[in-house]
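Structure record follows, encoded as structure tokens.
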Amino acid sequence: MTSFAESLKREIARIARKELKGELDALRKTSTTQRSDIASLKREVKSLQGRLFRAERVTHKTAAVVLPPAPPPTAPATRSPVGSLGAFNHEAFANFRKGLGITQDEMGRLVEASTLSVWKWETGKAQPRAGALLRIQTAMKLGKRAAIAKARAAA
């Protein structure tokens with residue numbers, strides 16, 4: 001009798017495995033397809049995030065470059081690189097430094113900034129912050145001799 005019971009158990013297990021095999025194969029195939037779809041969607045999300053980041057960076061740069069038009073001058077033009085609207089004129093700043101006949105390093109010491117900052121301001125690659133703008137305006141109010149003396153004394 002034990003032999004019959006064992007044979008019956010083995011046969012039932014074999015039939016159950018045979019029936020489940022078809023169902024398990026279908027589940028495995030569905031799972032593989034879904035994992036592939038998830039990986040594809042992750043790649044697409046990563047690509048879209050990169051495009052969004054680049055678009056935001058371009059938009060930010062474009063917004064920084066576009067300045068409101070300056071009103072027509074009513075008073076004689078000043079030599080200040082900072083306009084009435086607070087827009088920084090990098091060419092006027094470079095011309096001011098060249099007019100003084102000092103180096104970018106000396107100009108940096110005059111306005112308490114690094115040589116690299118002066119170079120970036122003059123080339124238009126960066127805009128000075130509010131504190132630096134105030135120091136630039138103060139330097140512009142100095143006479144040529146006083147500015148040169150202060151720049152060279154700060155060394």
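Rule-based calculations on the coordinates, nothing more; no lab input. Because the structure is predicted, anything quoted here is derived from the model rather than measured. Cβ atoms come from the backbone with ideal geometry, glycine included; neighbour counts cover every protein chain shown.
Using a simple spin-label model with points 7 Å from Cα along the Cα→Cβ vector, what separation in nm is obtained for Gln137 and Thr123?
According to this spin-label approximation, the distance is 2.8 nm.
If each of Leu27 and Glu44 carries a label point 7 Å out from its Cα toward its Cβ, how far apart are those two points in nm?
2.8
Calculated FRET efficiency, Thr59 and Ala130, Cβ-Cβ r, R0 22 Å, to nearest 0.05?
Numbers: r = 23 Å, r/R0 = 1.05.
It comes to 0.40.
Beyond a 25 Å Cα-Cα separation, which of these cross-linked pairs lie in this structure: Lys42/Lys125; Lys98/Lys125; Lys18/Lys42; Lys9/Lys29; Lys98/Lys150; Lys98/Lys120?
Details: Lys42/Lys125 36 Å; Lys98/Lys125 18 Å; Lys18/Lys42 37 Å; Lys9/Lys29 30 Å; Lys98/Lys150 16 Å; Lys98/Lys120 15 Å.
Lys42/Lys125; Lys18/Lys42; Lys9/Lys29, as the Cα separations exceed 25 Å there.
Work through the residues other than Glu23 whose Cβ is under 15 Å from its Cβ and net out their charges, Lys, Arg +1 and Asp, Glu -1. Walk me through the numbers before you get to the answer.
Working: positive: Arg17, Lys18, Lys21, Arg28, Lys29; negative: Glu19, Asp25.
For residues surrounding Glu23, the net value is +3.
How far apart, in nm, are two points set 7 Å out from the Cα along the Cα-to-Cβ line at Leu116 and at Arg14?
With each label point 7 Å from Cα toward Cβ, the separation is 7.8 nm.
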